[in-house]
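Engineer: Have a look at this one before I ask anything.
What follows is calculated from the coordinates using simple rules that are stated; it is not laboratory data. Only a predicted model underlies this, so the values are computations on that prediction, with no experimental measurement involved. Note that we place each Cβ from the backbone using ideal geometry, even for glycine, and neighbour counts take in every protein chain shown.
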Amino acid sequence: MTIYLQMLGTGDAFSTKYYNNNAVLQDHGYTLLIDCGVTAPQAIKALGKSFQEVTETLITHIHGDHIGGLAELAGTPRQEPHGKMTLLLAETLIEPLWQHPLLEPLHRKGGTRSLADVFNVKPLKPDTPYTLSPSLTLELIRTPHMPGKASYSLLLNECVFYSADLTFQPELLLHLVHNRGVTKILHDCQLSGRGQVHTTLRELMSLPEEIRKLIRLMHYSDEKPKFEGHTGEMEFLEQQVTYPLPGCRKDT
Ligand SMILES: O=c1ccn([C@@H]2O[C@@H]3COP(=O)(O)O[C@H]3[C@H]2O)c(=O)[nH]1
Ligand SMILES: [Zn+2]
Ligand SMILES: [Zn+2]
């Protein structure tokens with residue numbers, strides 16, 4: 001069955017033109033928010049939607065453009081019996097997330113001492129597939145972003161790789177395509193300069209054509225318009241546009 005991906009934003013952490021690189025995945029009444037950055041509250045309103053429509057939220061790593069909207073998300077009234085948003089994340093992220101300054105407003109709510117006091121926390125193990133809804137499975141893959149800090153890419157429905165924030169990992173990409181059945185790669189892309197904690201366009205362009213043609217670009221800077229038409233087979237994902245994610249093993 002087809003699921004639908006809508007990027008709330010496709011910008012990098014410093015973009016003034018694009019919202020933070022956060023996404024919603026929809027499967028017939030189930031809505032997964034992937035990352036919730038500083039701009040997520042504004043971006044979801046721009047779509048005419050609200051956090052109340054989000055079923056569960058997943059966090060890939062702890063940077064402001066991925067977690068800065070969590071205080072507002074936690075404050076959105078929920079209908080569930082526990083009244084809290086379900087937060088899916090790797091165990092390693094739970095304590096560092098709670099200690100992050102952007103979550104400090106939640107420390108000041110009466111009687112809150114841990115992330116579990118404000119969210120329904122569901123720890124996920126890496127390299128383990130989870131069924132989130134009838135047509136959506138998700139697996140975390142720990143991948144390199146900032147030295148010494150945990151960060152996770154996503155494998156959706158065993159066939160879509162969502163890089164989140166990632167340094168260039170050509171061997172991983174080849175492995176995913178050749179051995180794991182990946183048919184689509186949604187990849188962060190630093191358009192210019194040296195890639196220290198992200199993958200650069202130049203690096204992605206060095207991949208074999210068979211890989212490049214599976215890639216769509218996200219997490220880019222405000223320079224994007226001048227790069228249009230100069231990214232080979234790799235088209236830009238556009239924020240707020242809805243894309244079907246077809247061709248997965250679960251379809252067959
Ligand atoms: O000159 C710099 C470069 C980077 N950074 C941080 O590093 C992070 C890298 O991942 P990100 O793209 O999610 O967010 C970025 C920023 O939070 C910074 O504060 N100042
Ligand atoms: Zn980022
Ligand atoms: Zn990051």
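Engineer: Given the options His66, His230, His198, state which has the largest fluctuation in a GNM of the chain using a 10 Å cut-off (strictly under) for Cα springs.
Structural biologist: His230
Engineer: Would you order Lys125, Lys224 from fewest to most other beta-carbon atoms within 10 Å of each residue's own beta-carbon?
Structural biologist: Fewest to most other Cβ atoms nearby, the residues stand as Lys125, Lys224.
Engineer: Of His219, Gly181, Leu237, whose Cα points farthest to the positive end of the dipole of the stretch 169-252 (charges on the beta-carbon: +1 Lys, Arg; -1 Asp, Glu; origin at the Cα centre)?
Structural biologist: It is Gly181.
Engineer: Specify the residue with the greatest mean-square fluctuation among Gln79, Gln42, Gln99, computed from a Gaussian network of the chain linking alpha-carbon atoms under 10 Å apart.
Structural biologist: Gln79
Engineer: For the stretch 3-251, what's the relative contact order in percent, using C-alpha pairs closer than 8 Å and at least 6 residues apart?
Structural biologist: 19
Engineer: Which whole-number percentage describes the relative contact order of the stretch 1-76, with Cα contacts under 8 Å and a sequence gap of 6 or more?
Structural biologist: After rounding, I find 28 percent.
Engineer: Given a Förster distance of 22 angstrom, what is the FRET efficiency for His100 paired with Arg78, based on the Cβ-Cβ distance and rounded to 0.05?
Structural biologist: Once rounded, the FRET efficiency stands at 0.50.
Engineer: Also: Gap in Å between the Cα centre of the stretch 24-98 and the Cα centre of the stretch 146-175?
Structural biologist: About 20 Å separates the Cα centre of the stretch 146-175 from the one of the stretch 24-98.
Engineer: Same structure, new question: Using +1 at the C-beta of Lys and Arg and -1 at the C-beta of Asp and Glu, which of His82, Gly195, His61 has the Cα lying farthest in the positive direction of the dipole of the stretch 59-196?
Structural biologist: Farthest towards the positive pole: His82.
Engineer: Determine the alpha carbon to alpha carbon distance for each of Lys17/Lys125; Lys84/Lys213; Lys149/Lys226; Lys49/Lys84; Lys49/Lys226 and list only those over 29 Å.
Structural biologist: Result: Lys17/Lys125; Lys84/Lys213; Lys149/Lys226; Lys49/Lys226 exceed 29 Å.
Engineer: Mind sorting Thr10, Thr231, Thr76 by how few other Cβ atoms lie within 10 Å of their own Cβ, fewest first?
Structural biologist: Ordered by Cβ neighbours within 10 Å, fewest first: Thr76, Thr231, Thr10.
Engineer: Looking at the chain as a GNM with Cα springs under 10 Å, which of Cys159, Cys36, Cys189 has the largest mean-square fluctuation?
Structural biologist: Of Cys159, Cys36, Cys189, the most mobile in the Gaussian network model is Cys159.
Engineer: Can you tell me the orientation of helix 170-179 relative to the chain, as the angle in degrees between its alpha-carbon axis and the longest Cα principal axis, to the nearest 10?
Structural biologist: Between helix and principal axis, roughly 90 degrees.
Engineer: Separate question: Would you mind checking the stretch 171-200 for residues with the amide N under 15 Å from a putative spin-label position 7 Å along Cα→C-beta of Lys226?
Structural biologist: Hits in the stretch 171-200 for Lys226 at 15 Å: 191-194.
Engineer: Fewest to most neighbouring Cβ within 10 Å: what's the order for Ile44, Ile94?
Structural biologist: Ordered by Cβ neighbours within 10 Å, fewest first: Ile94, Ile44.
Engineer: If each residue of separation counts as 0.36 nm, what is the full-extension length gain between Glu91 and Ala116 once their alpha-carbon separation is subtracted?
Structural biologist: Result for the pair: 7.8 nm of gain on full extension.
Engineer: Additional query: Using the alpha-carbon centroid of each, what span in Å lies between the stretch 111-126 and the stretch 193-211?
Structural biologist: Centre-to-centre distance over Cα atoms comes out at 35 Å.
Engineer: Give me the percent of Cα-Cα pairs in the stretch 1-87 that sit more than 21 Å apart, rounded to a whole number.
Structural biologist: 23
Engineer: Dipole size in debye (nearest 20) for the stretch 3-251 around its Cα centre, Lys and Arg Cβ +1, Asp and Glu Cβ -1?
Structural biologist: Taking the Cα centre of the stretch 3-251 as origin, the dipole is about 320 debye.
Engineer: Okay, next question. Tell me, Kirkwood radius of the chain from alpha-carbon pair distances, in Å?
Structural biologist: 18.3
Engineer: Continuing with this model, one more query. Report, in deg cm²/dmol and to the nearest 500, the calculated mean residue ellipticity at 222 nm for the chain, where each DSSP H run with n ≥ 4 adds -39500 (n - 2.57) and the sum is divided by the residue count.
Structural biologist: For the chain, the value works out to -4500 deg cm²/dmol.
Engineer: What FRET efficiency comes out for the pair Thr2/Asn179, r = Cβ-Cβ distance, R0 = 22 Å, nearest 0.05?
Structural biologist: 0.35
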